[in-house]
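Okay, structure first, notes after.
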Amino acid sequence: MTLRNFRMPLAIMTMLAAAVLVAGCGRDREPAGPGSSSTTNPIGGPQKDGSEALGAPSIDIAAGSGVSHAGASMIGVSSADLAVDVPEGAVVRQVLLYWAGGTQAAAGDGEVSVNGTAVEGTLIGGPTHFFDWEGPWYFSAYRADITRLGLVQAGRSTLTISDFNFEITLEDENDGVSVVVIWDDGRPADISVRDGLDLAFCGFPGLLNSTEPQVFTFQAAPLERTANLVILAASVGENRPNRIVVNAGSGQTIFENPLGGVGDDLWDSVSLPVVVPAGVGSVSVQVVSTTSWSPLGASLGWVCAALAVPRGEAPRYAARGVVFIDTDHDGWQDPGEPGIPNVQVRMFQPLTEGTWFGTSDAEGRYEFLLPAGAYVMSVPGGAPGAAFNPDLAAYLSPTTPTSRNVAVSPETPMQFFGYVPDPARILGGIDEGVIATDGFTRETWQRFLRCSIHDDRDGDGDHDDDGAEPGDQDDYTYEMRTRLPEGTLDTPGTGRLAWSGRGHRDDDHCHCDPDSLPFTPEQVRGFLVTVQGLFLPEPFQFTPGREIQEAYDLLRATFTTDEDRVRQELLVTELNYVVGRGIIEHDAVVESIIGWCESLLAWDGIEPPVSAEKGKLQDLASALIILEAVNTGGGGGGIE
C-alpha cells in the first residue's frame, strides 16, 4: 500500500512532492490511481470495488471479557515473533490471525506458517487495485481462526510467523501480521469485531480518499466505562499523518498519529482507551488519512477493529437488617434484645432469578450490596453448612414474617427478623432425646461454689488448709464430669475429667480434697467473669474478688418469684455453657435461650408497652421451665 518512498532518490521525491502541491495531498511519491496516467492524473482514484469497507466477520466471534493483540511488520524479514499477553487466570476463547500486503500481481499470499504449522487464511478484502506505479498494485487482507492450535494460553505466548510472501513480479509488499485474542476472566463484556480491507489516501479523490466509519453497538449502562479499542492497519509508514476518530454519544475523541512504523515497518497493531459515557450504547470509529502537505498524509489499509466494552454494573445499594431475640414481640430490635448470629438470609430477584445469601454476624446483623430493584428477602428454614437456620426453624418461633418484599434503593429500610424460643418445641426435643443435655444441676454448682470458697478463703486463688472440720455428718458422695477442651485444666487425657469426693450438707462447713476438684477457685472465678460478658451487661455483675461468694449466695437463696428463680437457673445454664456442658450439639439453641432469658431479666430497659407486661410474666414462667429442663436433662414441667 505504501510505495517505496525510501527507495526513491531525493530529487525525484522533491519533484513529485511539488506536483502534489499543485494537485492536492499525496505521498512523497504518490502515483496516479488505477486507470489513470501518472502524468495526466497523478492523484486519480477508482470507485471502491466492494472490499472497501470493514464489516462483521463471516465467522462467529466468541464471547468474553477482553481482547489482547500483538503484531509485527514483515517487511524485509523471513519470520517475526508475536508476543501476546493474556491475563493470568483467564480462559482463551478465540485466537484470530490477520495479515495483509500488496503485490503487482493480483493474487496475494493466503498461506503462512505459525510455529511451523501451515495456516490457510480466508480472503477478507481485495485484491483491490489501489494505485499505479510502474504497473498496477493490488492489496489483499486475510484472516485465519487458529484457536484449535492451542498456541495461546494465559500469561505470555509467543507465535513465530514465517512463509509470508505475496506473489512477486516486479515488487511485493509483505506489510505485516497480528494476532487478536478474545479471553474470558468471568467479567462480562460486549465484544465486537469488524474486519476486511479499507484503503485510503488523502490525495485520492472519491471513495479511496477515506475509510468508512464503523459503528459498534452494545448494552448501555448507567455509569461511565472505559472500552478497549484494537486497530490493525497496514502500510502507514513512518512520519505519515493519520488519526483515529471515535464518537461516543455527544462526545468525540481524536487520537492524533497513533499509527506509523519506524523505518521500513509498514504494520500497526495498537490499543486505544475509549471512554463510553453513561447511557451510551454505540460508538463509531474511523481511521483517517490526515489531509497534510508536508509531511504527506498517510496512505493506509484498515484491516481490523475490535472493541471490548465492559458491561457496567448498576450502582449497588445496601440492604441491611438484623436477626434478633424479640423479647417484647413488637417486631423491632430494642436495647436489651440481643442479635442471633450465624443465620442465613436469602435475597431473590424475580426479574432475573438471581439469588444471594448473607449470614448474620455476632450481633445478628447482615448486609447485601445489590442493584436497585424488587427483591424477596427471607430466612429459609434450611441452610447448608453450619448455619443456625434448621435449629432456628425447629426450636424458635418468629415474631415477624420470615419472608417479605424489599425494594432495594439508596434508602432501603432496615429489615428485622424477630424470634423467641418456643418452649413447647424445646421441651419436646429434650423429652424425646433429640436435644441431649449433660449440665450440672443448681445443687451441684452450689456445692462446688461452697467448696471453692472454703478452699480459697483469702481469695488468692490457692487452696487454704485451715483445718476446717465437717459439720453434721449428713455425708454424700458425688461424681462430676465435664467436657472441656484438652489442656483447659492442665490435665492430660481426652479432655473429659472426672471429679469425685465426699461432702456434707452443712452450709457453714465443707470439707473437700483440693486435688479432687475439677476446677481451681481461680478457674471458677474466671468462669464467672466470662458469664458477666455473655450477651447483655445484666443480669450478672459481680464484685471483683467476691465473684464466687456472690454466685454462691444467689444459688443457695430461696426465691418465690419466677423472675428471681429464672436468674438462679440462668446462672447455672450460663456456667454450664462456659465450661462446655448443658445442651449437646445445639450451641446456638442454648445461646438463644440465654439471650432471651437475659433480655427478660433486662425487661425494664426494653420499654415495652404496658399491655406486654402480662406477656412478660408468661414468658418468665416458660423460661423457668426451659432452664430447669436444660439444667436437669428433662423433667422441667410442661407448658399449658
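Checking each residue in segment 242-266 for being assigned to a strand (DSSP E or B), more than 12 Å from Leu229 (Cα to Cα) and open to solvent by less than 20 Å² (accessible area, probe 1.4 Å) picks out Asn242, Ala248.
Yes/no per residue for (1) in a loop (DSSP other than H, G, I, E, B); (2) among the small types (Gly, Ala, Ser); (3) in contact with a His (Cβ under 8 Å, 6 or more places away or on another chain); (4) without any contact (Cβ under 8 Å) to a residue 40 or more places away in the chain:
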position: Asn174; (1), (2), (3), (4): no, no, no, no
position: Val180; (1), (2), (3), (4): no, no, yes, no
position: Asp198; (1), (2), (3), (4): no, no, no, no
position: Gly203; (1), (2), (3), (4): yes, yes, no, no
position: Pro222; (1), (2), (3), (4): yes, no, no, no
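Only one entry of Arg143, Arg156, Arg148 meets the criterion of being touching a Ser or Thr at 6+ places or on another chain (Cβ under 7 Å) and of a type in the set (Lys, Arg), and that entry is Arg143. Checked against (1) open to solvent by 40 Å² or more (accessible area, probe 1.4 Å); (2) in contact (Cβ under 8 Å) with a residue 40 or more places away in the chain; (3) hydroxyl-bearing (Ser, Thr, Tyr), Tyr366 passes all but condition (1).
Restricting attention to segment 329-360, report how many residues are over 17 Å from Val408 (Cβ atoms) and at pLDDT 90 or above.
Just the residues of segment 329-360 that are over 17 Å from Val408 (Cβ atoms), to begin with: 329-344, 359-360.
Next, from what is left, pick out any that are at pLDDT 90 or above: 329-334, 337-344, 359-360.
Residues meeting the conditions: 16.
Does Ser192 qualify as being in contact (Cβ under 8 Å) with a residue 40 or more places away in the chain and touching a Ser or Thr at 6+ places or on another chain (Cβ under 7 Å)? Criteria not met by Ser192. Note on segment 74-110: residues that are of a type in the set (Gly, Ala, Ser), assigned to a strand (DSSP E or B) and open to solvent by less than 20 Å² (accessible area, probe 1.4 Å) total 4.
Count of segment 361-383 residues, restricted to those that are in a strand (DSSP E or B), among the small types (Gly, Ala, Ser) and modelled with pLDDT under 90, is 1.
Could you list, in sequence order, the residues of segment 340-357 that are assigned to a strand (DSSP E or B) and open to solvent by less than 10 Å² (accessible area, probe 1.4 Å)? If the condition is that a residue be assigned to a strand (DSSP E or B) and open to solvent by less than 10 Å² (accessible area, probe 1.4 Å), then Val345, Met347 are the ones that fit. Taking the criterion of being open to solvent by 20 Å² or more (accessible area, probe 1.4 Å) and polar (S, T, N, Q), the residues of segment 379-399 that qualify are Ser397, Thr399.
Under the condition of being in contact with a Lys or Arg (Cβ under 9 Å, 6 or more places away or on another chain) and open to solvent by 10 Å² or more (accessible area, probe 1.4 Å), the residues counted in segment 290-304 number 3. Among the residues of segment 431-452, those that are within 17 Å of Val572 (Cβ to Cβ), open to solvent by 10 Å² or more (accessible area, probe 1.4 Å) and in a helix (DSSP H, G or I) comprise Arg442, Glu443, Thr444, Gln446, Arg447, Arg450. Contact map, segment 146-165: first residue at pLDDT 95 or above, second residue of a type in the set (D, E, K, R) and crowded, with 16+ Cβ neighbours inside 10 Å, Cβ cut-off under 8 Å, separation 6 or more or different chains; pairs are Thr147/Arg93.
The rows are residues; the columns are (1) touching an Asp or Glu at 6+ places or on another chain (Cβ under 8 Å); (2) modelled with pLDDT of 95 or more.
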site: Asp265; (1), (2): yes, no
site: Val270; (1), (2): no, yes
site: Pro277; (1), (2): yes, no
site: Val280; (1), (2): no, no
site: Val287; (1), (2): yes, yes
site: Ala298; (1), (2): no, no
site: Val309; (1), (2): yes, yes
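Among the residues making up segment 302-339, a single one is assigned to a strand (DSSP E or B) and in contact with a helix residue (DSSP H, G or I) (Cβ under 6 Å, 6 or more places away or on another chain): Ile325. Inclusion of Phe416 among residues that are outside any helix (DSSP H, G or I), touching a Lys or Arg at 6+ places or on another chain (Cβ under 7 Å), of a type outside the set (A, V, I, L, M) and open to solvent by 10 Å² or more (accessible area, probe 1.4 Å) is not warranted.
Restricted to segment 111-140, and to residues there that are more than 20 Å from Ile59 (Cα to Cα) and not in a strand (DSSP E or B), the residue that is most open to solvent (accessible area, probe 1.4 Å) is Glu134.
The values are calculated or read from the model by the stated rules, or taken from the named source; none is laboratory data. Here the structure is a predicted model, which is why all the values come from computation and not from measurement. Positions of Cβ are generated from backbone atoms using ideal geometry, with glycine treated the same way; all protein chains shown enter the neighbour counts. Please note that ligands, DNA and RNA were not included when accessible areas were found on the heavy atoms of the full protein model with its side chains. Shrake-Rupley method; radii C 1.70, N 1.55, O 1.52, S 1.80 Å.
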